[in-house]
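For reference, the structure is listed below as structure tokens.
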Amino acid sequence: MKKLISTIITICFLLTVTPALAKTPELIINNQPVKSDVSPQIIDGRVLVPLRVISESLGALVDWEKDSQTVKIQDQHKTLRLQLQNKITYVNDQPLELDVPPLMLDNRTMVPLRFISEQLGARVSWIGTEKKVIIERSENNSVKDGPTSVPADRKLTNVSYEETEEKSVIEIEVKEGTNKVFELKNPDRIVFDLMDTANEVSADPEVNSQFIDAIKLGVHPGNVTRVVIQLKDRKTTAYEAKQMADKLVVTLTRREAPPPEEGYTHKVVNGQSNVIVIDPGHGGKDVGTVGASGRWEKMVNLAIADKLKGILQNEGFTVVMTREDDASFLSLDERAQLANKSDPLCFISIHANAAENKAVSGLETYSFYGSDKTLANLIHNAVLARTNQVNRKVKEAGFYVIKHTKMPSVLIETGFVSNSEEENFLFNENNQMAIAEGIAEAVKQFKSLYK
């Protein structure tokens, strides 16, 4: 299904724009309305569309180059390269100028629809009186692996999930038949193509799961209904799929992470040290994730870190900051090296979270795979006691700054700025102080263990 890679693509750029937008056109692909939490927009006379929703509706192969903030889109005949906030794009290495550059709106990448569509062989129609954008594949770009005119024998009637402490179970209500299962990256996704299946589910299911960021539904030529399960972390998630008579059941569980090839699993505690390294995540040119209202993660990280610094200094600790303001910026490796040279009691990296499902909220705290969780548990519980946020547990991950630091290291995700209510919560100074006080109290408790 790669004749047309995508009319649009999946990207996650770390920048926002706040245009004055009055119209919200409806998007229709191959006679199927496509819904998104961010509608297509008209900017400077050009229709821009949210990339992820469209790409998963049509199928996408995308290579995201983080350092250059560039996305590469390929089909059998063309390679397109687009960069955030840059009007110059490349088609088979030939430069072309766009009327409007790719932009970020409400944490969704928006791209000029007609240019991408026509470059990849799709036909685009605009019905101004009805504010509709219609995208159709030409016959030459249609998928040939199955007939498109024969009614589907199977029907997808519902998708639901159940969450427990140990697992997530997704029930895809479709009778027994042929399924094609594969995985995609950037982001990590498990894809189920239900062959000869009509989709009767009108909306993507809402999820709030320890394993899943989102579940997306799409319709493809040849009577193929696609179910995409977007994972939080493929490395630590195992899955099993069983087709029963009337439903496909997908079970997600936590699996043990493989032993790391590098990094400091055994953290060395210098109990005599009064030095604490605080790492306000991102900063400078790296804005972090973007909140529901367009505010930047890097700002709330620094605000909480500054408050934590003051509290710890008042308690007699020496504080080393990886950045003191928004003008400075250290790479992840420079942050880890600074911490290792400072010989601290511990390292605390402060971040804010985001999810595609804007209803998701809560506090997560991470330690490196296989390392001791004492500090992470102390911080997590002390902050929760002051904020009463949703408890999303202490977890393990391989984030660079907790992987490459030699001392006890924690990365705290203080909440989800993609959730408008929690974004407001995090940008409130009283709540920032409560989080900082919780972390400081945990540091004192941790220090007391080594007196």
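The values are calculated or read from the model by the stated rules, or taken from the named source; none is laboratory data. Just so it is clear, the model here is predicted, and its values are computed rather than measured. Because the Cβ atoms are built from the backbone with ideal geometry, glycine has one as well, and the counts that use them run over all protein chains shown.
As an exercise: evaluate Glu315 against (1) within 14 Å of Ile439 (Cβ to Cβ); (2) crowded, with 19+ Cβ neighbours inside 10 Å and give the number of the one condition it does not meet.
Of the numbered conditions (1) within 14 Å of Ile439 (Cβ to Cβ); (2) crowded, with 19+ Cβ neighbours inside 10 Å, the odd one out for Glu315 is (2).
For region 412-438, how many residues meet the condition of being within 16 Å of Glu364 (Cα to Cα) and under 20 Å from the mean Cα position of the chain (by Cα)?
The total comes to 11.
Quick one: count up the residues across region 195-211 that are in contact (Cβ under 8 Å) with a residue 12 or more places away in the chain, surrounded by fewer than 20 Cβ atoms within 10 Å (Cβ to Cβ) and in a loop (DSSP other than H, G, I, E, B).
Of all residues in region 195-211, those in contact (Cβ under 8 Å) with a residue 12 or more places away in the chain come to 195-201, 203-211.
With the extra rule that they be surrounded by fewer than 20 Cβ atoms within 10 Å (Cβ to Cβ), the set shrinks to 195-196, 198, 200-201, 203, 205-206, 208, 210.
If we keep only those that are in a loop (DSSP other than H, G, I, E, B) too, we end up with 195-196, 200-201, 203, 205-206, 208, 210.
The total comes to 9.
Within region 167-194, which residues are part of a loop (DSSP other than H, G, I, E, B) and either within 16 Å of Val249 (Cα to Cα) or at pLDDT 90 or above (or both)?
Result: Val174, Lys175, Glu176, Gly177, Thr178.
Can you list the strands (runs of 3 or more DSSP E) lying wholly within region 212-303 that have 2 or more residues being touching a helix residue (DSSP H, G or I) at 6+ places or on another chain (Cβ under 9 Å) and aliphatic (A, V, I, L, M)?
Passing ranges, in order: 212-220, 275-280.
What number of residues in region 388-402 are surrounded by fewer than 20 Cβ atoms within 10 Å (Cβ to Cβ) and either assigned to a helix (DSSP H, G or I) or at positive phi (or both)?
3
Has region 255-264 got at least one residue that is outside the structural domain of Lys403 (by TED's automatic domain parsing), modelled with pLDDT under 90 and either on the phi > 0 side of the Ramachandran plot or among the β-branched types (Val, Ile, Thr) (or both)?
Yes: region 255-264 contains one or more residues that are outside the structural domain of Lys403 (by TED's automatic domain parsing), modelled with pLDDT under 90 and either on the phi > 0 side of the Ramachandran plot or among the β-branched types (Val, Ile, Thr) (or both).
Which residue, of Ser342, Ser371, is within 15 Å of Phe399 (Cβ to Cβ) and either surrounded by 19 or more Cβ atoms within 10 Å (Cβ to Cβ) or polar (S, T, N, Q) (or both)?
On the way: Ser342 fails: within 15 Å of Phe399 (Cβ to Cβ).
Answer to the selection: Ser371.
This table checks each residue for (1) within 25 Å of Asp343 (Cβ to Cβ); (2) crowded, with 22+ Cβ neighbours inside 10 Å.
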site	(1), (2)
Val268	yes, no
Ser273	yes, no
Val277	yes, yes
Gly283	yes, yes
Ala292	no, no
Glu297	no, yes
Asn301	yes, yes
Ala305	yes, yes
Gly310	yes, no
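Can Thr236 be described as surrounded by fewer than 22 Cβ atoms within 10 Å (Cβ to Cβ) and modelled with pLDDT under 85?
Judged against the criteria, Thr236 is a match.
Residue-by-condition table, conditions (1) out of contact with any Asp or Glu (no Cβ under 6 Å at 6 or more places or on another chain); (2) hydrophobic (A, V, I, L, M, F, W, C); (3) under 25 Å from Val320 (Cα atoms):
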{"residue": "Ala354", "(1), (2), (3)": "yes, yes, no"}
{"residue": "His404", "(1), (2), (3)": "yes, no, yes"}
{"residue": "Val410", "(1), (2), (3)": "yes, yes, yes"}
{"residue": "Val443", "(1), (2), (3)": "yes, yes, yes"}
{"residue": "Lys451", "(1), (2), (3)": "yes, no, yes"}
